[in-house]
Structure formats: structure tokens, C-alpha cells
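Scroll down for the structure; my scribbles are underneath it.
No value in this document is a laboratory result; all are computed from the given coordinates. Being a predicted model, the structure only gives us computed values, none of them experimental. All Cβ positions, glycine included, derive from the backbone under ideal geometry; neighbour counts span all protein chains shown.
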Amino acid sequence: MTLSGKRILLIIGGGIAAYKCLDLIRRLRERGAAVRCAMTSAAQEFVTPLAVGALSADHVFTELFDRQDEHDVGHIRLSREADLLVVAPATADLMAKMAHGLANDLASTVLMATDKPVLIAPAMNPRMWRHPATRRNRAILEKDGIRFVGPAKGEMAESNEAGEGRMAEPLEIVAAIEALLDGAPKPLAGRRIIVTSGPTHEPIDPVRYIANRSSGKQGHALAAALARLGADVRLVSGPVAIADPTGATTTHVETAEQMLEAVEANLPADAAVFVAAVADWRTDTKTGQKIKKEAGKGPPALQMVENPDILSTVGHHAKRPKLVVGFAAETQNVVDNARAKLAKKGADLIVANDVSHDSGIGAAGVMGGDRNRVRIVSAEGVEEWPEAGKDEVAARLAALIAERLASA
């Protein structure tokens with residue numbers, strides 16, 4: 001367990017994103033951390049102390065002047081007994097209190113009294129995040145040594161609102177916590193690793209495109225896992241609906257040609273891992289206007305051409321990385337097809353997925369869900385890994401990459 005024995009004080013602020021803290025508590029305890037929670041009065045309008053206490057398996061602290069909690073100056077004890085304080089969501093109000101030294105409730109008093117590192121996950125309306133006062137407060141907090149994770153861009157709880165201000169997802173916060181508390185050597189420190197993730201969209205006309213089913217979850221999880229091991233991760237991501245992983249430098253692309261260009265721009269590298277589900281074909285010509293249906297006529301014929309093979313291009317490149325890893329989503333003859341791909345593409349490893357209906361997970365489960373089951377195919381043989389969450393698969397694969405690079 002990566003956080004075994006670590007003590008986290010989670011301060012839950014009053015924003016709609018407070019509901020994510022329930023999952024954050026679960027994720028931290030899965031990794032062996034002890035989680036104690038303090039809640040602002042506003043936070044209790046969104047989630048209940050009962051739910052927080054049930055998940056943390058500990059008393060939830062809510063009041064500064066609580067006779068039972070404060071008989072031994074509880075706010076000081078809370079602030080000192082943890083290895084790390086995490087504020088999530090960190091509202092504009094909480095950030096302002098922290099920046100200007102206000103201490104008029106339990107949360108702000110604990111934060112003033114602590115001598116431990118503090119990590120905050122801001123969450124607020126995009127206009128509030130962009131407000132000059134918030135920008136000033138952020139600068140003050142960063143100067144004071146407060147660490148930040150997020151916020152991310154995306155849709156807000158308010159209708160028709162979007163922009164930067166969404167709280168980082170629980171797993172992103174966990175990764176930031178692990179990075180802060182992990183004093184172990186980083187086996188991939190100094191290594192540059194390229195990762196591709198997500199699908200590509202190959203336009204047919206301004207409103208239609210050819211794509212593959214890919215959420216980007218496995219590629220993004222791997223990028224985060226490699227970053228946690230100290231790698232300089234260059235993620236090239238197709239269009240996805242998930243946040244950029246913490247610790248990686250991300251380039252966003254749409255098409256296979258753009259993805260190849262971005263990958264080559266990041267060479268040379270120590271390793272390259274091609275997780276993206278790249279569309280094999282694109283239309284020969286793209287129209288600038290929407291193709292309209294015509295009564296009595298069938299669909300127009302699309303002239304298709306092959307997209308660049310990114311894995312093969314890098315596998316045979318003049319600047320080929322020491323380690324090249326490809327992914328293969330197969331519906332039949334999984335191992336045989338992966339072995340053929342290994343030899344043809346110039347790869348060192350192929351991570352093969354069975355996405356057939358008979359696999360028990362299926363294409364929709366592997367390429368859109370949270371679990372995966374893979375086989376690692378190499379010149380030495382085939383290693384079958386048990387079904388696991390994509391984060392666990394990513395962590396194990398990152399460790400394997402570190403091991404391979406160390407022995408290369």
C-alpha cells in the first residue's frame with residue numbers, strides 16, 4: 001500500500017464538489033492511509049458528517065468550541081498529528097482565509113496552527129477562480145509553500161457554465177498526496193517517457209468523424225503512474241472527457257497525423273508507450289461543408305486511405321527509444337495477433353487486451369470502463385495479469401517499464 005501508515009487530515013470545504021471527498025476518503029484508505037476529517041459548516045450542507053465518518057472510520061470534527069474535542073486544545077492536536085493536511089474542496093472563501101491569516105472557525109484555525117505540509121484542491125466558479133482577489137490569494141499561498149492540485153477545466157454544476165474551476169478528481173488528489181509524502185527513490189528520475197492516450201478523430205466533414213472507442217482512462221492512468229516514479233512524462237492525448245493527469249506534460253491532438261507529429265517532436269526519449277486507439281483509416285478528402293442526405297440516394301462513397309502507423313514508425317525510427325511498448329485490442333487470437341504485432345512493429349512489449357464479448361469485460365468495458373485484464377507479450381514469452389482496476393494495471397506496468405529500462 002503506497003500510503004500505509006500515513007495520517008491525512010482532510011478539511012472539507014463548502015462547495016458542491018464536497019461529494020467527491022467521499023470517494024477520496026475511500027481511495028486513501030484503500031492505500032493504507034488513516035484519514036481524519038474536519039468539516040466547515042458550509043460543507044455540512046452538501047455532505048453529512050455521518051457519511052464522512054462512516055467512510056473514514058473516525059470521529060468527524062466540525063466545531064471549534066466543542067467541549068469534548070477542545071478539552072485538550074483539539075484544534076492544535078488535529079493540526080500536528082497528521083503527516084499532511086488536505087483541503088478539498090478549497091473554496092474561494094477558504095483560500096482567502098488561509099492567505100490572510102484568518103482563524104474564525106475550526107478549519108481555518110487548524111490551518112493556522114499546523115506545522116505540516118498543506119495540499120489544497122481548489123473548486124469554484126470559473127469567474128471566481130479568475131477574479132483578481134483569488135489570483136492574489138493563490139500567489140500568496142504558493143509563496144507560503146502551499147501545494148496545489150487542480151483546478152481542472154470542464155462543465156460546472158451551474159447550467160451553461162464551463163471553464164477552469166472544477167475540483168481535481170479523487171485519483172488526481174491521491175497522486176499529488178503520494179508525490180508529497182513519498183520519500184522513496186524515484187526509479188524513473190531523469191527518464192523521458194512518451195505516452196499516447198485516447199482515440200483519434202478523423203474528420204469526414206465538419207460534423208462527422210471516424211473514431212475508436214477509447215476513454216483514455218488507461219493511458220492517462222499510466223502517464224500518472226510513470227510520473228509518480230519520477231519520469232518526465234510527455235502525454236499526447238486524443239479527444240477525451242477526462243482531466244489531464246497530474247505530473248505529466250500533455251499535448252492535445254485530434255487526428256493520427258497530429259498525434260504522430262507530436263510524438264516525433266518529443267523524441268529522443270528513453271521509452272514510448274502507445275496506449276492510444278488510433279483510427280486505422282481516414283478519408284482521402286475532407287469536405288468543408290456538411291454532407292447532406294438526398295432523397296432516393298444512398299450514402300456517398302468515402303474514399304479511405306491508411307493513417308500513419310505511429311507504433312511502427314517509432315519502432316523503426318532513427319531516434320528509437322530504448323523501450324517501445326504497444327497496446328493491442330483484439331477480439332480473437334489475442335496472443336498470436338500480439339506476437340505478430342510485436343515483430344512487425346519493432347516493439348519490445350505488447351500489452352494485449354481481449355475485448356471480445358466472451359472476455360467477460362468486452363470492448364465497452366475495457367475501452368470505456370474502469371477495469372482491464374491484459375497479457376504482456378514479449379520475445380521472452382507471455383505473462384497473463386489478473387483483472388484489475390486500470391490504476392492498478394498502470395502502476396504494475398509503470399514498475400515493469402522501470403525494471404526494463406534499468407536493465408537495458
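Some points to look at:
- Stretching ALA301 away from ARG136 to a fully extended chain increases their span by 53.7 nm, per 0.36 nm per residue minus the current alpha-carbon distance.
- Relative contact order %, the chain, counting alpha carbon pairs below 8 Å whose residues are six or more apart: 11
- Computed across the chain, the Kirkwood hydrodynamic radius from all distinct Cα-Cα pairs reaches 23.3 Å.
- Which listed pairs, of LYS290/LYS345; LYS286/LYS341; LYS153/LYS217, have C-alpha distances above 27 Å, in listed order: LYS290/LYS345; LYS286/LYS341
- For ALA408, net neighbour charge (Lys/Arg +1, Asp/Glu -1) across residues whose Cβ lies under 15 Å away: +1
- Part-to-part distance (alpha-carbon centres) for the stretch 378-408 and the stretch 165-233, which is given in Å: 16
- Per-residue [θ]222 nm for the chain (sum of -39500 (n - 2.57) over DSSP H runs n ≥ 4, rounded to 500): -10000 deg cm²/dmol
- Inter-label distance, ARG7 to GLU384: 4.6 nm, where each label sits 7 Å from its Cα along the C-beta direction.
- Contact order normalised by residue count of the stretch 190-301, Cα under 8 Å, 6+ apart, percent: 39
- Of ALA265, ALA227, ALA38, the one that fluctuates the most in a GNM where the chain has Cα springs shorter than 10 Å: ALA265
- With K and R counted +1 and D and E -1, the other residues having a Cβ less than 12 Å from that of THR313 yield a net charge of -1.
- Net charge, ARG371 excluded, C-beta distance under 13 Å - Lys, Arg +1, Asp, Glu -1: -2
- Shape analysis of the stretch 192-407 places it in the prolate category; the axes a ≥ b ≥ c from the Cα gyration tensor give an a/c of at least 1.5, with a/b above b/c.
- Shape category assigned to the stretch 147-288 from the gyration tensor of Cα positions, a/c cut at 1.5: oblate
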